[in-house]
Amino acid sequence: MNKVLRTSPPGWFWLVAIFLLLCNGYGVFAYLASVMTSPAAEIAVMSSAPFWATGAFAVAVFAGLAGAIGLLVKRAWARGMFILSLVAALIQQVWILFVSDWLAVSGAQALLLPLLIDLVAIAGIWFAARGIHRGWLR
């Protein structure tokens, strides 16, 4: 018999969930800003992005936001949303890092943001998995 007891999440669970919501909310803002308005050099690079890269960007940020919302409503599907977000982010990063001129336009410091995005997605996956294991998410 493998029964998981349902328990209420601790207070820090809500702080982490809100932090993930803010991070992913910023991602949605960045996506909308990139498709609506950006500096001229960035517009040139982003306008050359293939559909799959722009689509992956959209999926990554909206799936991450959905995962954070899933945590706040204590749903186990949050983990799947964070996994989808990470996979989509990695697909988009293939174009950013290996195909486009993004690094030439933005400089080497532009590598930090993709790394941070991946770390936040991995943290979301881990945190949701922990919530499922602890019975906080159903």
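The values are calculated or read from the model by the stated rules, or taken from the named source; none is laboratory data. Computed from a predicted model, the values in this text were never measured in an experiment. Here the Cβ is made from the backbone with ideal geometry for all residues, glycine too, and neighbour counts use every protein chain on show.
Annotations for the structure displayed:
- Flag for ILE69 being β-branched (Val, Ile, Thr), at pLDDT 95 or above, more than 23 Å from PHE19 (Cβ to Cβ) and part of a helix (DSSP H, G or I): no
- Of the candidates ALA56, ALA110, the single residue that is surrounded by 17 or more Cβ atoms within 10 Å (Cβ to Cβ) and part of a helix (DSSP H, G or I) is ALA56.
- Cβ-Cβ under 8 Å pairs, at least 6 apart or on other chains, the range 91-109 side within 14 Å of TRP52 (Cα to Cα), far side modelled with pLDDT of 85 or more and not in a helix (DSSP H, G or I): TRP95/PRO50
- The set of residues in the range 84-107 that are of a type in the set (Val, Ile, Thr) and closer than 19 Å to LEU119 by Cβ comprises VAL87, ILE91, VAL94, ILE96.
- Pair list, Cβ under 7 Å, 6 or more apart: the range 72-85 residue within 20 Å of GLY11 (Cα to Cα), other residue among the basic types (Lys, Arg): LYS74/ARG138; ARG75/ARG138; ALA76/ARG138
- Test result for VAL35, modelled with pLDDT under 95, β-branched (Val, Ile, Thr) and part of a helix (DSSP H, G or I): yes
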